[in-house]
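Only one structure is covered here, and it is reproduced in the block below.
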Amino acid sequence: MMKFRKMFFRISILLFVLLLGAIFVKGEFFPLRTSSIPDDSDNQVLEKSVIAALADPREDILLWESKKEAAKVRILACQVQEEETDISADNKTALVVEETNEVKPTEKKPSKGTNKPKEKTEEKKPKPKPESKPEAKAEPKPEKKPVGVKPPAKTSPPPAKPADIPKKPEIKLGSPITNMDISVRSLPAVVPSMVRIEGTTTADDPLQVVIRKDSVYWYKLPVNNGKFGLDLYLTDGEGEYDVWVVRTMADTGENWLTHDFKVTVEKAVNKFLVSGYRIESDNPSIVSLAKKLTGSQSTDSGKIKAVYDWTRKNITYDYGKAERMDAGETVVFGAAHVLQTRTGICEDYACLAAALLRAVGIQAKVITGTATTSQGSGLHAWNAAYDSQSKKWIYFDATWASTSGENWFNKNLSSTHKAMKER
């Protein structure tokens with residue numbers, strides 16, 4: 001009886017083991033979960049128990065075989081479940097579309113209980129942005145000169161020349177002041193509106209006279225056989241004037257003061273009627289031409305128009321002179337000079353027109369200031385003459401009329417010309 005029970009017990013155990021093995025293989029009733037998968041330590045314990053059972057001589061060979069097969073089945077089931085877990089974990093990898101439109105895989109953490117090491121995912125390095133080239137610094141544009149060099153022909157009034165009104169030369173003082181081979185007759189302390197500069201020189205260098213009060217005027221002192229004499233009007237009204245004699249050194253161009261006088265004018269002269277700086281209205285050639293141009297005219301306006309017409313038609317704008325002035329060269333100005341050469345710039349046009357009108361007793365101004373054209377603005381010179389019959393000043397620009405072919409007589413110049421000084 002005891003023997004029978006022992007056999008029945010062994011057969012029951014064998015059937016129970018086979019039934020469990022079948023259930024685990026099919027996975028129908030108790031599907032394996034990731035959390036139930038044994039790790040390596042469980043497998044080792046199971047293998048040890050099987051080996052111990054096989055080594056026990058008291059156990060039946062059939063039982064040993066059954067336990068061995070059951071252990072193999074269980075180990076196989078664990079391996080299959082591990083593979084399924086890996087596949088399911090791979091399927092859980094999602095593609096995430098970021099705002100930058102780059103598609104990147106996002107890994108979910110593997111379930112607990114898996115012994116498979118995590119795969120290292122290579123981090124995508126951001127693409128290096130192309131180096132932006134430094135913006136080239138804009139070169140500073142060269143400053144434009146305030147006035148164009150040449151007046152346009154037959155289209156619009158000529159632009160003024162910056163150097164039309166020349167700079168005053170520098171005067172160097174001797175220490176002490178020396179006569180430098182020049183003898184000048186002394187001037188009286190009080191004079192009428194005119195002074196006479198006369199004397200002698202043994203020097204070959206050019207001589208000039210400088211008159212200074214409200215303005216500074218330079219006059220060339222003509223020398224003939226070592227002698228010189230020049231009459232000059234003091235046109236800045238009543239008061240004290242400086243009268244200097246200056247020697248210009250031919251080798252260096254320096255101006256040295258040789259004689260210094262102070263004179264006082266008690267009664268002012270009408271400076272728009274007398275000979276003045278660059279306006280040599282007492283020059284014989286100018287007086288002769290002025291009488292010829294105005295002899296047939298009975299009104300002041302007619303005489304003014306005659307001088308304007310002759311000046312614009314017979315004087316040519318000297319582009320070369322303008323360029324030489326820009327280059328810093330010394331040039332000659334004045335009514336007498338332009339009458340001889342028949343060329344000049346705006347200063348010459350204005351001085352000649354004023355000298356011709358003053359020579360016949362008409363008040364005339366040389367106005368210096370700025371003028372504006374479509375090409376810009378800059379220094380310029382033009383005229384105003386007084387019509388005693390209508391008691392008004394007539395403004396005209398002989399330079400612009402000469403170069404553009406347009407009428408610039410008796411016009412309102414306030415929109416294009418801005419006066420700074422008149423003489």
* Asked: So, counting K/R as plus one and D/E as minus one, what does the shell of residues with Cβ under 12 Å around residue 207 add up to?
  -> -1
* Net +/- balance of residues flanking residue 308 in space, Cβ distance below 12 Å, scoring K and R +1, D and E -1 -> +3
* Structure fact -> Expected unfolding gain across residue 392-residue 421 under the 0.36 nm per residue rule, minus the alpha-carbon gap, is 8.6 nm
* To do: Just flag the trypsin sites (Lys or Arg not before Pro) in the stretch 192-277 sitting in loop per DSSP whose Cβ has no more than 15 other Cβ atoms within 10 Å.
  => 267
* Asked: What's the FRET efficiency of residue 292 with residue 406 using the Cβ-Cβ distance as r and R₀ = 30 Å, to the nearest 0.05?
  -> 0.70
* For residue 319 and residue 230, calculate 0.36 nm times their separation in residues minus their Cα-Cα distance, and state this gained length in nm to one decimal. => 28.9 nm
* Structure fact -> Checking the stretch 289-392 for chymotrypsin sites (Phe, Trp or Tyr not before Pro) in a loop per DSSP with at most 11 other beta-carbon atoms within 10 Å yields none
* Structure fact -> The exposure ranking of 7, 249, 325, fewest beta-carbon neighbours within 10 Å first, is 7, 249, 325
* To do: Determine by what factor the alpha-carbon radius of gyration of the stretch 309-419 differs from 2.2 N^0.38 Å, reporting the quotient.
  => 1.05
* Taking a point 7 angstrom from the Cα of residue 332 along the C-beta vector, which residues in the stretch 270-284 have backbone N less than 20 Å away? -> 276-284
* Structure fact -> With x for Gly and Pro, the residue-by-residue ³J(HN,Hα) of the stretch 298-305, computed from phi through the Karplus equation 6.51 cos²θ - 1.76 cosθ + 1.60 at θ = phi - 60° and given in whole Hz, is 9, 10, 5, 4, x, 5, 5, 5
* Globularity ratio of the stretch 181-269, using Cα Rg and 2.2 N^0.38 Å -> 1.08
* To do: Pop the C-beta distance of residue 282 and residue 254 into the FRET formula with R0 = 41 Å and round what comes out to the nearest 0.05.
  => 0.85
* Between their Cα atoms, which of 220/313; 267/292; 267/418; 227/292; 303/365 are more than 23 Å away from each other? -> 220/313; 267/292; 267/418; 227/292
* To do: Count neighbours as other Cβ atoms within 10 Å of each site's Cβ, and list the trypsin sites (Lys or Arg not before Pro) in the stretch 326-412 that are DSSP loop with at most 10 such neighbours.
  => 391
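None of the figures in this text is laboratory data; all of them are computed from the coordinates on show. Keep in mind that this is a model prediction, so the values were computed, not measured. Please note: Cβ atoms are built from the backbone with ideal geometry, for glycine as well, and neighbour counts cover all protein chains shown.
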